[in-house]
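The values are calculated or read from the model by the stated rules, or taken from the named source; none is laboratory data. Fair warning: this is a prediction, and the values are worked out from it, not measured in the lab. Don't worry about glycine lacking a Cβ; one is built from the backbone with ideal geometry, like all the others, and counts go over all protein chains shown. Side chains are part of the model used for accessible areas, which takes the heavy atoms of the whole protein and leaves out ligands, DNA and RNA. Shrake-Rupley method; radii C 1.70, N 1.55, O 1.52, S 1.80 Å.
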Amino acid sequence: MAEATRIDGKLFAEGLRNRVAEQVRNLKSNHNITPGLAVVLVGSDAASEIYVRNKNKMTHEAGMKSFEHKLPEDTTQKELLTLIDGLNSDPAVHGILVQLPLPGQIKEQAILSEIDPAKDVDGFHVYNAGKLATGAPGLVPCTPLGCLMLIKDQLGDDLSGLRALVLGRSNIVGKPMAALLLGENCTVTIAHSRTKDLAQECARADILVAAVGRAEMVKGDWIKPGATIIDVGINRLPPDADGKSKLVGDVDYAEAVLVAGAITPVPGGVGPMTIACLLQNTVTAACAQNDIDVLSL
Ligand code: GUN
């Protein structure tokens, strides 16, 4: 059997960012609106700092305004809530993202619930989570949104009747991913650390989305021949003999590529889609806040 198609998320994300930049140009020239995205980082987690820097760079490159708020590690919940209230009422800010995880003294849910749902470009507010769960249009979490775009690019727009297995039940990826696939009329199973016979569950799936954060857990012989595999995991392996530490996904790529029909690599698969979808969500939010049909741009 031929090797699986390698799904190039980096290339797809580049194309999406170009389309977003075109939407931004149209918003500016036809409506005099420049979408603005505020990103809030509390503390100095190294990975989060890199991520936030990339977000700011790509926001600028898409022609949008970027507002960066870096707060010290010992910021109180009240101080963060006050900042969010200010961003909620700032008309130049159309999207608000508070980078997770937050330091222990701050309750994540209290912060996420304070963000105006209309500006919740992460789609983490319970209002937007509820909309997604009930099939109403709203702001959708970026990573699962990006996964769905890659799946449709591979399989076409009609996913009806396909069996989908979502491995992982986080609020950021697993649950919204399952809701999106259900919305596409897939037969959806959510598997997690307590699932029995995980390999058998995987083997039935036409679409498998792995988001558990366990290096190379999904093996080649778990996979249905020809299946579409979306690997959300980003795991750093311990350094090898040369001192190099490799990034791998939740799927054993070397094995899976011999069985699957299509598969995302790590890195270069799902990762680049998250920021591209964040930019798209910011344009979507700016349009909704100004009663503009995003399709008309
Ligand atoms: N931390 C890791 N991924 C994300 C994300 O998608 N959004 C936010 N706000 N924080 C994150």
*Determine whether the stretch 256-265 contains at least one residue that is open to solvent by 40 Å² or more (accessible area, probe 1.4 Å) and touching a Phe, Trp or Tyr at 6+ places or on another chain (Cβ under 8 Å).*
no
*Residues of the stretch 33-47 being out of contact with any strand residue (DSSP E or B) (no Cβ under 7 Å at 6 or more places or on another chain) and over 17 Å from Ala21 (Cβ atoms), which ones?*
Gly43, Ser44, Asp45, Ala46, Ala47
_Checklist (1) farther than 18 Å from Cys277 by Cα; (2) within 16 Å of the ligand (Cβ to nearest atom); (3) open to solvent by less than 20 Å² (accessible area, probe 1.4 Å) applied to Gly146, failing item_ = (1)
*Criterion: in contact (Cβ under 8 Å) with a residue 24 or more places away in the chain, open to solvent by 40 Å² or more (accessible area, probe 1.4 Å) and touching a helix residue (DSSP H, G or I) at 6+ places or on another chain (Cβ under 7 Å) - qualifying residue of Ile111, Ile96, Ile172, Ile115*: Ile172
_Matching entry among Thr82, Thr5, Thr34 (being over 18 Å from Thr282 (Cα atoms), open to solvent by 30 Å² or more (accessible area, probe 1.4 Å) and touching a residue at least 12 places away in the same chain (Cβ under 8 Å))_ = Thr5
*Hey, among Gly95, Gly104, Gly43, which residue is within 14 Å of the ligand (Cβ to nearest atom) and over 21 Å from the mean Cα position of the chain (by Cα)?*
Gly43
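Results for (1) out of contact with any helix residue (DSSP H, G or I) (no Cβ under 9 Å at 6 or more places or on another chain); (2) closer than 19 Å to Cys277 by Cβ; (3) open to solvent by 40 Å² or more (accessible area, probe 1.4 Å), shown as yes or no for each residue.
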residue	(1), (2), (3)
Asp157	yes, yes, yes
Asn185	yes, no, yes
Ala191	no, no, no
Ile207	no, yes, no
_The lone exception for Leu297 - which of (1) buried (at least 17 other Cβ atoms within 10 Å of the Cβ); (2) farther than 30 Å from His125 by Cα; (3) at pLDDT below 95 it fails_ = (2)
_Selection within the stretch 241-266 - free of Cβ contacts under 8 Å to residues at least 40 places away in the same chain and within 16 Å of the ligand (Cβ to nearest atom)_ = Leu247, Gly249, Val266
*Out of the stretch 49-79, which residues are open to solvent by less than 60 Å² (accessible area, probe 1.4 Å), assigned to a helix (DSSP H, G or I) and aliphatic (A, V, I, L, M)?*
Val52, Met58
